[in-house]
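The values are calculated or read from the model by the stated rules, or taken from the named source; none is laboratory data. Keep in mind the model is a prediction, meaning the values are calculated, not measured. With ideal geometry, Cβ positions are generated from the backbone for all residues, glycine too; neighbour counts draw on all protein chains shown.
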């Protein structure tokens with residue numbers, strides 16, 4: 001996403017910035033903590049900042065989460081889905097949400 005300066009006079013750049021925001025775009029980094037669904041092989045993570053093209057980066061913070069081998073299966077507007085091996089109780093991780 002582009003961020004026009006306060007003195008920007010190029011209307012095309014201003015319109016593109018507004019369109020990016022309207023479709024969930026931002027240069028801001030989102031972050032959060034989640035617990036994987038015990039016994040399941042996927043977990044949906046709700047995050048308002050998420051949009052197609054976002055890059056969720058999962059980081060296990062427990063041995064159970066590392067053993068579940070989480071990966072990004074799908075990115076949606078308002079959420080993303082982590083695929084993983086069957087998770088044990090207490091499988092926690094943090095994530096960062098980045099925009100390319």
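Name the single residue, out of those in region 11-24 being exposed (fewer than 11 other Cβ atoms within 10 Å of the Cβ) and more than 23 Å from residue 77 (Cβ to Cβ), that is nearest to the chain's Cα centre (by Cα).
That would be 12.
Under the condition of being part of a loop (DSSP other than H, G, I, E, B) and at negative phi, which residue from region 33-50 is surrounded by the fewest Cβ atoms within 10 Å (Cβ to Cβ)?
48
When you go through (1) under 18 Å from residue 93 (Cα atoms); (2) without any contact (Cβ under 8 Å) to a residue 60 or more places away in the chain one by one for residue 19, which number turns out not to apply?
Of the numbered conditions (1) under 18 Å from residue 93 (Cα atoms); (2) without any contact (Cβ under 8 Å) to a residue 60 or more places away in the chain, the odd one out for residue 19 is (1).
Conditions: (1) over 27 Å from residue 15 (Cα atoms); (2) in contact (Cβ under 8 Å) with a residue 60 or more places away in the chain. Residue 97 meets all but one. Number of the miss?
Of the numbered conditions (1) over 27 Å from residue 15 (Cα atoms); (2) in contact (Cβ under 8 Å) with a residue 60 or more places away in the chain, the odd one out for residue 97 is (1).
This table checks each residue for (1) modelled with pLDDT of 95 or more; (2) assigned to a loop (DSSP other than H, G, I, E, B); (3) at positive phi.
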{"site": "9", "(1), (2), (3)": "no, yes, no"}
{"site": "52", "(1), (2), (3)": "no, yes, no"}
{"site": "80", "(1), (2), (3)": "yes, no, no"}
{"site": "90", "(1), (2), (3)": "no, yes, yes"}
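Could you tell me whether any residue of region 36-43 is at pLDDT 85 or above, in contact with a helix residue (DSSP H, G or I) (Cβ under 8 Å, 6 or more places away or on another chain) and within 22 Å of residue 77 (Cα to Cα)?
Yes - at least one qualifying residue is present in region 36-43.
Does residue 62 fit the bill of being in contact (Cβ under 8 Å) with a residue 12 or more places away in the chain, within 11 Å of the chain's Cα centre (by Cα) and surrounded by 12 or more Cβ atoms within 10 Å (Cβ to Cβ)?
Judged against the criteria, residue 62 is not a match.
Looking only at residues in region 65-91 that are loosely packed, with under 15 Cβ neighbours inside 10 Å and either in contact with a helix residue (DSSP H, G or I) (Cβ under 9 Å, 6 or more places away or on another chain) or without any contact (Cβ under 8 Å) to a residue 12 or more places away in the chain (or both), which one is nearest to residue 38 (Cα to Cα)?
Only one residue tops the list, namely 89.
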